[in-house]
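Here is the structure we will look at.
The values are calculated or read from the model by the stated rules, or taken from the named source; none is laboratory data. In this text, all values refer to a predicted model and were calculated from it rather than measured experimentally. Positions of Cβ are backbone-derived with ideal geometry, glycine not excepted, and every protein chain shown enters the neighbour counts.
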């Protein structure tokens, strides 16, 4: 059906969008790209936008951006929906379908593009439409859009031995699904779930050690873990407490096993890159532990310089690189960019840090913790938490516009890895948009996971 040449453009675009929302796009990737190429080759986007509805124009813009097409803003495709002053016309404000599509399209803007102005406009219009009363099902869709949208583990034996560690197996798998939902990447999700579990264990180990940091020797233990992770030397860990030794051994054995499998099956030597990512993470955790112990609230820039690493995104993305990148795309240039955290990775990791702090800061402030960049900004500026959060929205939006640009630029990375970096940031948004969706197992978080992983998709058959 998607290959039909006589299919109306609007119907074709909506079909592509439906396929993507169902997570089936990987089965039709070539067909989708061919269909979008047909549309682009036969239409002048600006001229055609004068004939199309806002919904169709915005949907086309979003799909083209998502698939890496260079949709130029030199000729604004949304001009026909603006008045002489360049503002969106009031007459389109009651077009629910158009407003939804404009809102979603605005998140694919680059820095300095006027389409971003459609974000605030469409959000305001949609909120007003909800207040006025619209169809119940449509209203639910609007609310949803505005909100943003194993046995091997038991073999490690850490669940019983490390009772301080959070059990976040399902959440780790849920995160891996968000980063790469395609069915053919089942092995990727299994491996990344292991990585997510290990990150949680190491994070909890540092947190517990920081809370118990009552002596000089305790500080030395945390420093030693960071040092061991950089050397990746199992023989130098005999002086660690038992719980730290268990953590490091689990990390050492699991990561080495992953590197072995990749080398055995593909001949790629990835261990130095994996160990560097883990070492960087442990060093960043150590820095946060020092701030916590010494009751230091660093300036925002200093916190974020460390925080985009401590987000753990670097570990997730480094493992992802070797799991999803085709062999022919693993080049000396791409490996260098990976090891030095290319801006593509850095923006995705920064979004995770900002979203994490956005979702967890209220609870952390209430508990008297200081390991939050929002608290750093409040302390630095004297602003309230509410004002700090407004500033944070701006920071997140800025990083997203950078990330959107990297998505369509010629990159040293494969398309599959670029997509994972984008999905990594999206998953961070979804997880932390209404609180700590990873660390706090409340009813909302459990319901989201159940809807995504367990409940069947209901299909209405006419």
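Every residue, every condition in (1) modelled with pLDDT under 95; (2) within 20 Å of residue 223 (Cα to Cα); (3) not in a helix (DSSP H, G or I), yes or no:
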{"site": "269", "(1), (2), (3)": "no, no, yes"}
{"site": "272", "(1), (2), (3)": "no, no, no"}
{"site": "279", "(1), (2), (3)": "yes, yes, no"}
{"site": "289", "(1), (2), (3)": "yes, yes, no"}
{"site": "292", "(1), (2), (3)": "yes, yes, no"}
{"site": "301", "(1), (2), (3)": "yes, no, no"}
{"site": "304", "(1), (2), (3)": "yes, no, no"}
{"site": "315", "(1), (2), (3)": "no, yes, no"}
{"site": "322", "(1), (2), (3)": "no, no, no"}
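For residue 380, indicate whether it is surrounded by 15 or more Cβ atoms within 10 Å (Cβ to Cβ), farther than 28 Å from residue 190 by Cβ and assigned by TED's automatic domain parsing to the domain that holds residue 433. Criteria met by residue 380. Within segment 241-266, the set of residues being surrounded by 16 or more Cβ atoms within 10 Å (Cβ to Cβ), modelled with pLDDT under 85 and more than 15 Å from residue 282 (Cα to Cα) comprises 243, 246.
Being surrounded by fewer than 19 Cβ atoms within 10 Å (Cβ to Cβ) and either modelled with pLDDT of 80 or more or outside the structural domain of residue 429 (by TED's automatic domain parsing) (or both) is the filter here; which residues of segment 179-192 pass it? Once the filter is applied, which keeps residues that are surrounded by fewer than 19 Cβ atoms within 10 Å (Cβ to Cβ) and either modelled with pLDDT of 80 or more or outside the structural domain of residue 429 (by TED's automatic domain parsing) (or both), segment 179-192 yields 181, 182, 184, 186, 187, 190. Of everything in segment 1-30 that is surrounded by 12 or more Cβ atoms within 10 Å (Cβ to Cβ) and over 20 Å from residue 56 (Cα atoms), the residue that is nearest to the chain's Cα centre (by Cα) is 23. On the stretch given as segment 42-62, residues that are at pLDDT 80 or above and either in a helix (DSSP H, G or I) or within 28 Å of the chain's Cα centre (by Cα) (or both) total 9.
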